[in-house]
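Colleague: After the structure tokens below, expect a handful of questions from me.
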Amino acid sequence: MTKPLADKLALVTGASRGIGAATAIALGAQGAHVVLTARTAAGLEAVEQAIFDAGGSATIAPLDLAQSDSIARLATAIGERWQALDVMVLNAGMLGSLAAVPAIDAKELAQVLTLNVSAQVALIQSFDAMLRRSAGARVIGVTSSVGRTPRAYWSAYGASKAAFETLLEAYGDETAEVSRIRVAVLDPGATRTKMRARAYPGEDPASVKAPEVVAERIVTLAVDGFGVNHRERVG
């Protein structure tokens, strides 16, 4: 039986753990060849092996997304091997320290904005041509509720996610009438991740949903498709 994403190429950022790892494994299970990116090679290798063990295929690409040149090099390498990119899951992000606005560390804020905003722009720019060559590209960005609803002490991260959502939905508007690219912004809600544990150190991990629940929804969007600038929250 043919899998729904057979012969499709997917790219998942932040794929070494959490939502990114679960999504990569789920995409591989549906037949996609998955390119896995993150800074930690060992984590990527473990995810790659899980995909292989399930009968799927994957390629790892360890890199620091904060270095825009590395993104351009990755796009060039992928473009030399494949013609089109069918699914791009923009999952990688940095929480930074939770602090009141007057206490925000300027250096750390720059790091948060670089990864959560500038690197996302570089990814879209670098892979735009491959996305346009797909018969139906899906760009799915993982966001947070604090990007739309400000919360005390979450200002730096929230501001970065607000900017991230704006650039994604602008890209969705720009491409809607001239390509088959469709853009979705997905808020995973409370999920059992390392970032969540850092933000809520006293929380029982078992009280929130597993990353696989979010991954299942992302894969459903990739398979079934969605309208222009789709937005939803999981759970």
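Colleague: Which order do Met94, Met130 take by accessible area at a 1.4 Å probe, largest first?
Modeller: So the residues, ranked largest to smallest area, are Met94, Met130.
Colleague: Under a 1.4 angstrom probe, counting protein chains only, how are Asp128, Asp224 ranked by accessible area, largest first?
Modeller: Ranked list, largest accessible area first: Asp224, Asp128.
Colleague: Of His230, His33, which has the most accessible area with a 1.4 Å probe, and how do the rest follow in descending order?
Modeller: His230, His33
Colleague: Could you work out how far apart the two model spin labels at Ala199 and Ser179 are, taking each label as a point 7 Å from the Cα in the direction of the beta carbon, and quote it in nm?
Modeller: 2.9 nm
Colleague: Separate question: Let me know the longest stretch in the chain that avoids all GluC sites (Glu not before Pro) found in a DSSP loop with at most 16 other C-beta atoms within 10 Å.
Modeller: 1-176
Colleague: To continue, here is another question. Would you mind counting up the charge near Val142? Only other residues with Cβ under 10 Å from its Cβ, with Lys and Arg at +1 and Asp and Glu at -1.
Modeller: 0
Colleague: Work out how much length Lys107 to Thr40 would gain on full extension: take 0.36 nm times their residue separation and subtract the Cα-Cα distance, in nm to one decimal.
Modeller: Between Lys107 and Thr40, full extension yields an extra 21.8 nm.
Colleague: Amide H neighbours of Ala58 under 5 Å, counting only residues 5+ apart in sequence or on other chains, H built in-plane at 1.01 Å?
Modeller: Hits under the 5 Å cutoff: Val34.
Colleague: Within 12 Å, Cβ to Cβ, of Leu5, how many net charges do the neighbouring residues add up to if Lys/Arg are +1 and Asp/Glu are -1?
Modeller: My count for the surroundings of Leu5 gives 0.
Colleague: Which whole-Hz ³J(HN,Hα) couplings does the range 190-197 yield from phi under the Karplus relation 6.51 cos²θ - 1.76 cosθ + 1.60, θ = phi - 60°, glycine and proline marked x?
Modeller: Rounded to whole hertz, the list is 5, 9, 6, 10, 5, 5, 4, 5.
Colleague: To the nearest 10 degrees, how steep is helix 119-132 against the longest Cα principal axis of the chain, on a 0 to 90 scale?
Modeller: 20 degrees
The values are calculated or read from the model by the stated rules, or taken from the named source; none is laboratory data. Worth saying up front: this structure is predicted, and the values here are computed from it rather than measured. Quick reminder, even Gly has a Cβ in these numbers, built from the backbone with ideal geometry, and neighbours come from all protein chains shown. Note: areas computed on protein heavy atoms with side chains; ligands, DNA, RNA excluded. Shrake-Rupley method; radii C 1.70, N 1.55, O 1.52, S 1.80 Å.
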